[in-house]
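To start, the structure itself, in structure tokens.
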Amino acid sequence: MKPSTYEYITYISSTAENVWDALTNTKHTEQYFFGTAIQSDWQVGSRVEYSRGKVTDYGEILSYEPHQEMSYTWESVSDETIRQGPNVVTFRLQEMSEDVVKLTLIHDYLMDADYVDEPNTFRGVNNGWPFILSNLKSYLETGEIMKVSI
């Protein structure tokens, strides 16, 4: 199995500062990311954790350029897939105008098991990231989130 990359791009009517804050601040992630808190001191080499009562995913910050780009390794506590190393998630922001931000997500080193070919689920990077980032977009543009349960 050769590792693959998943990329997702969306445009958000907001500022880079607001998008960045929403990506890195628990008060926002808990709103649009299935109730998930994010925790880190955001220093290169530091740990980043996602949790819903208990840690579900974690990694190490590889790069961090506020309002522009960050990347970190991504490991899921429940993942039993045999891997040569951790996934890497990168968020890249580009201001297209005063109030439009291009948000690019790149999730590297994925295996076949990371994709779920089911129409009615948020499991798998191909289903989860589009929903999470669409919900982020709705949250920043309207203050509202999509109401679903996982």
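Per-structure values
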read-out: Members of the range 39-49 found to be hydroxyl-bearing (Ser, Thr, Tyr) and surrounded by fewer than 18 Cβ atoms within 10 Å (Cβ to Cβ), listed by number; value: 46
read-out: Count - residues of the range 1-20 that are over 13 Å from the mean Cα position of the chain (by Cα) and part of a helix (DSSP H, G or I); value: 3
read-out: Count of residues meeting criterion [touching a strand residue (DSSP E or B) at 6+ places or on another chain (Cβ under 7 Å) and farther than 18 Å from residue 22 by Cβ] in the range 42-73; value: 13
read-out: Residue within the range 20-41 that is without any contact (Cβ under 8 Å) to a residue 40 or more places away in the chain and farther than 25 Å from residue 144 by Cα present; value: yes
read-out: Selection within the range 6-38 - of a type in the set (S, T, N, Q), crowded, with 16+ Cβ neighbours inside 10 Å and closer than 19 Å to residue 56 by Cβ; value: 24, 29, 31, 36
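Just so you know, all these numbers are worked out from the coordinates, no wet-lab data involved. Because the structure is predicted, anything quoted here is derived from the model rather than measured. Counting neighbours? That spans all protein chains shown, and the Cβs are built from the backbone with ideal geometry, glycine included.
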